[in-house]
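Participant: Below you'll find the structure I mean.
Here, each number is a calculation from the coordinates, and none is a lab measurement. From a predicted model like this one, the values you see are computed outputs, not experimental measurements. FYI the Cβ positions are ideal-geometry reconstructions off the backbone, even for glycines, and counts take in every protein chain you see.
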Amino acid sequence: MRPVVGGIDLGGTGSRFVMCDAGAICATQVWTTAELGAGDNIARVARIEATLRDLMPPDTVLVGIGIGATGPVDRATGVVHNPDTLPWFSEMPLAGMVEARCGVPVVIDNDAVVAAFAEYEAGAGGRSDRMLMVTLGTGIGVALLEQGRPFRGPRGAHPEGGHIPILEGAGRCYCGADGCWEQLASRQALQAMLRPHLSAEIPDAGLISEAARLAESNPAIARCFSRYGYFLGRGLSALHALYMPEVTVIGGSVAPYLPLFFDDLRDALTRAPGFAVSVDLRVASLGDTSGALGAALMAGEAAARRAPR
Ligand SMILES: [Zn+2]
C-alpha cells in the first residue's frame with residue numbers, strides 16, 4: 001500500500017480537495033463551500049471524509065490530511081475563527097473532528113501560508129531560502145518562508161502585511177489604521193482606480209482585463225496601472241527592507257497583469273546600492289490549486305517527520 005496525503009483548501013466561495021501521491025496531485029474535487037458545509041458539524045466532517053476517500057487511488061493508504069482555511073486559524077486548537085466568510089467551518093473543533101473521523105493526523109493553517117508553501121516547494125518560489133509571497137486579491141495576503149518554514153506571530157498567526165500604513169489621509173481601514181497598503185494596492189483598489197475610465201456596463205469581474213486591453217491606447221488607464229505599481233511598491237519596499245527576501249512571489253488575480261505596472265513597481269523598490277534588496281519578482285505559477293496542494297505537502301512533511309527511520 002502506497003502512502004497518500006489529502007489537501008483541502010476551504011475558501012469563502014469554493015473549496016478544493018486534492019489527493020497527493022509522492023508529492024504530486026493524483027486526483028482533485030471542487031465543492032461549493034456552502035454545500036460542503038451544509039447541516040451540522042457531524043454531517044460536514046462526514047462529507048469531508050467521504051470526499052477524501054473517493055479521491056484515493058487503489059492500493060493506497062491515507063497517512064495525513066492538511067487543511068488551509070481563509071481567515072484567522074488557531075493551529076494549536078485546530079479552530080478557524082472566521083464567522084464572516086467561512087461560517088460553516090468556524091468556531092468548531094475542525095482539525096480534531098476530521099482527525100477523529102479519518103483516523104489520521106491533521107495539520108491546519110491559514111490559506112495564505114499553505115499557498116506560499118506550495119509555491120516554495122513546487123512553484124515559482126524554487127525553494128528559495130527567504131521567500132516572500134504577496135497575494136493580490138480582495139485584500140493583500142502576505143506570507144514569509146524562511147527555508148520553507150513560515151514566519152509566525154503569537155499562537156501561530158501569520159503577519160497581516162496588508163495592513164502596513166503607507167499613505168496618510170487615504171481613509172480609515174477596517175483594521176483601525178489609516179491608509180493601509182491593501183486599501184491602495186489590492187485588486188479592489190485597482191478596480192476602483194480604473195472604474196471611472198471604463199464603461200459602466202463592464203462588470204467588476206471583467207474590469208481589469210478590459211483595462212489591460214485598452215492600456216496601450218488610453219493614457220488615463222495606463223496612468224492607473226502606473227499609480228497602482230507605485231502603491232504596490234510602497235508596501236513591498238517596507239517588507240523588503242525588513243525581510244530582505246531572495247525571491248518575491250506575486251500571486252492572486254492581479255498577478256498576471258504585472259507587466260503593465262512592473263516598471264513603476266521596480267522604480268518604487270530601487271534604492272542606493274548600499275541599501276539595495278533583491279528585486280527578483282516572480283508571478284505565482286500554481287494558480288487555484290496552490291492552497292490545497294500546499295496543505296497536502298505540509299501534511300506530507302508532518303507524516304515524514306513522524307515515520308520511523
Ligand atoms: Zn488596515
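Participant: So how far, in whole Å, is the C-alpha centre of the range 11-39 from the one of the range 105-171?
Facilitator: First find each Cα centre; the distance between them is then 21 Å.
Participant: About its Cα centre, what dipole magnitude does the range 177-309 give when the only charges are +1 on Lys and Arg Cβ and -1 on Asp and Glu Cβ, stated in debye to the nearest 20?
Facilitator: 400 debye
Participant: Quick one: grab the alpha carbon gyration tensor of the range 84-143, order the square roots of its eigenvalues as a ≥ b ≥ c, and give me rounded if a/c is under 1.5, else prolate or oblate depending on whether a/b is larger than b/c.
Facilitator: Oblate.
Participant: Mind running the shape call on the range 214-309? Use the C-alpha gyration tensor, a ≥ b ≥ c as the square roots of the eigenvalues: rounded below 1.5 for a/c, prolate if a/b tops b/c, oblate otherwise.
Facilitator: Taking the square roots of the gyration eigenvalues as a ≥ b ≥ c, the range 214-309 is oblate.
Participant: Show me, bin by bin at 10 Å from 0, the whole-percent P(r) of the range 34-178 based on Cα pairs.
Facilitator: So the P(r) values, bin by bin, are 10, 33, 33, 19, 4, 1, 0.
Participant: So, one more: Before anything else, pin down the relative contact order of the range 1-155: Cα pairs under 8 Å, at least 6 apart, normalised by residue count, whole percent.
Facilitator: That works out to 18 percent.
Participant: Here's something else I'd like to know. Compute the helix-to-body angle for 258-269: its Cα long axis versus the longest principal axis of the chain, expressed 0 to 90° and rounded to tens.
Facilitator: For helix 258-269, the angle is close to 70 degrees.
Participant: Wrap a convex hull around the Cα atoms of the chain, take a quarter of its surface area, and give that in square nanometres.
Facilitator: Averaging across all directions leaves 17.8 nm² for the Cα convex hull.
Participant: Further question on the same structure: Sorted from largest down, what three extents in whole angstroms do the Cα atoms of the range 95-251 have along their principal axes?
Facilitator: Over the range 95-251, Cα extents along the principal axes are 57, 36, 34 Å.
Participant: Provide the net charge surrounding I164, with neighbours chosen by a C-beta distance below 14 Å and charges set as Lys +1, Arg +1, Asp -1, Glu -1.
Facilitator: -3
Participant: Run the helix sum for the chain: -39,500 (n - 2.57) per DSSP H stretch of 4+ residues, divided by residue count, reported at 222 nm to the nearest 500 deg cm²/dmol.
Facilitator: Counting only the DSSP helices, I get -12000 deg cm²/dmol.
Participant: Can you give me the distance in nm between label points at D59 and R306, each placed 7 Å from the Cα along the Cα-to-Cβ direction?
Facilitator: With each label point 7 Å from Cα toward Cβ, the separation is 2.5 nm.
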